[in-house]
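Okay, so here's the structure we're looking at.
The values are calculated or read from the model by the stated rules, or taken from the named source; none is laboratory data. Nothing here was measured: the structure is a model prediction, and the numbers come from that model. Note that each Cβ is placed from the backbone with ideal geometry, even for glycine, and that neighbours are counted across all protein chains shown. When the accessible area is computed, the model is the full protein with side chains, heavy atoms only, and any ligands, DNA or RNA have been set aside. Shrake-Rupley method; radii C 1.70, N 1.55, O 1.52, S 1.80 Å.
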Amino acid sequence: MADRVTVIGWDGSPLTQAARSALSAATLVAGAAHHLALPEVPPRAERIRLGSVDLAARRIASHRGSAVVLADGDPGFFGVVRTLRAPEHGLEVEVVPAVSSVATAFARAGMPWDDAQIVVAHPRTLRRAVNVCRAHTKVAVLTSPGAGPAELALLLDGVHRTFVICEELGAAREQVTVLTSDKVADHVWRDPNVVIVIGGVGSLTTASGNRSGWIAGREPGYPPELRGWALPPADPQAPPAREGEYAGLRAAQLARLGPRIGDLVWDIGSGGGALAAEAARFGAAVIAVDADPDACRRSASEARRLGVQLQVVQGRAPHVLERLPEPDVVRIGGGGVPVVTAVADRRPQRIVTHASTRDEAESIGAALAAGGYEVECALLQAVELDTTDWTERERTVVFLLCGRHAESRG
């Protein structure tokens, strides 16, 4: 019975001596069609066309002889190694890696990739992969049938990005194409290994022209003056903040929303964009909606100040919401019961809003409950003090409401 399998990465270059030795001794070889056609595969070895890795692992576990699995790129990077190492298969795995398809794609593009987000797009994860592309300036997407460049571009409607599409990396028909996102859906693509999605507000480098180079992916650092969250307004002379932009209430709203990478946040009645921009700092994709053109301009300015991506949509809720992509969490800054009802119909996981009076809070709570949400309400009171003489400067009292939908997306 086989209890050991050698996993060999393939990137189109000649196989290493270790890989050739493992293949020459193999009595079972699993891989895609182009892997099984390699001349190094022994002619007498049993061949398995690799579809379900779980099924292949069970077949390998029952095989009497030496088993090899061939996979593209580095099989330990979003590859077959994780599945083969599952305890239920009882396999000991030895890996002979090759250059990952992500590294190859960025090499073809002549770009560094230590500052890139890397996501896997399957039909079930496509929406979250698109949200990462909305929120970040450089993303590598490992695609699959039904979740390729065209699908990514269509779901990014309204967000301008540049696509570097790498088809069949390492194969004879390898091709690299650069297009703007609005042109991508006009083409038919050959099962690409990687799509690099770049662009958005802000720079891919620091002011000095280079990142600090100390951590891969999204660098979490901000200028010292921007440490923390629920920050005060950037411009003290700006128009007075709406009630929903009070820093204490904003902190409580963000805590209940819990925005995260892969989420899409709606901020309806975004005002100056304070909450929208801070939700984006957590890595979420955010759409800020407001009917006031000046508020939309201030939201875009706040996003630039914090160095985050933000899609700003001018329009009046609830009508403008009909053309927006599905949200994960929603903050409602105004509009009352009609907007709450329209949002609840879209079934986000959480809806957070506020009210000035108990009667208004009860009406909103009833609308949330009618939409299938469990409702939480808290009365928040904050008193701002002047620390020169410790006298009261401003008092704020507001009802905070949060609706949680048990059957919504996680």
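Annotations
- Within the chain: Cβ-based charge dipole about Cα centre, in debye rounded to nearest 20 (Lys, Arg +1; Asp, Glu -1): 1120 debye
- The GNM of the chain, with springs linking C-alpha atoms under 10 angstrom apart, assigns the highest mean-square fluctuation among 335, 31, 90 to 90.
- Beta-bridge orientation, the chain: approximately 50 percent antiparallel, per DSSP, counting only bridges with both partners inside.
- Comparing 325, 348, 14 in a Gaussian network model of the chain (Cα springs below 10 Å), the most mobile by mean-square fluctuation is 14.
- Estimated inter-spin distance, residue 201 and residue 124, nm [label 7 Å along Cα→Cβ]: 3.5 nm
- Exposed-site-free run, longest, the chain (rule: trypsin sites (Lys or Arg not before Pro); DSSP loop; at most 11 other C-beta within 10 Å): 228-410
- Take the Cβ atoms of residue 34 and residue 347, set R0 to 45 Å, and the FRET efficiency comes out at 0.60.
- Additional length obtainable on full extension of the chain from residue 54 to residue 83, 0.36 nm per residue less Cα span: 9.8 nm
- Charge-dipole axis of the chain as Lys and Arg at +1 and Asp and Glu at -1 on Cβ define it, positive-most pick from 91, 144, 306: 91
- In nm, spacing of pseudo-spin labels at residue 24 and residue 172 (7 Å Cα→C-beta vector): 2.6 nm
- Short to long, the 10 Å bins of the Cα pair-distance histogram for the chain hold 4, 19, 24, 20, 15, 10, 5, 1, 0 percent of all pairs.
- Computed about the Cα centre, the dipole magnitude for the range 1-117 is approximately 480 debye when only Lys and Arg (+1) and Asp and Glu (-1) carry charge, each at its Cβ.
- The range 140-166 and the range 347-383 have Cα centres lying 37 Å from one another.
- For the chain, calculated [θ]222 nm from helices alone, where every DSSP H run of n ≥ 4 adds -39500 (n - 2.57): -7500 deg cm²/dmol
- Apportionment of accessible area to carbon and sulfur, the chain, percent (1.4 Å): 52 percent
- Computed label-point distance, nm, for sites residue 385 and residue 157 using a 7 Å Cα→Cβ extension: 5.3 nm
- Per residue accessible area of the range 296-410, 1.4 Å probe, in Å²: 52 Å²
- Loop sites by DSSP among the chymotrypsin sites (Phe, Trp or Tyr not before Pro) of the chain, restricted to those with at most 10 other Cβ atoms within 10 angstrom, leave 1-213 as the longest stretch without any of them.
- Centre separation in Å (Cα based) which lies between the range 94-108 and the range 281-295: 37 Å
- Rolling a 1.4 angstrom probe over the protein heavy atoms with all chains in place gives the range 112-154 an accessible area of 35 Å² per residue.
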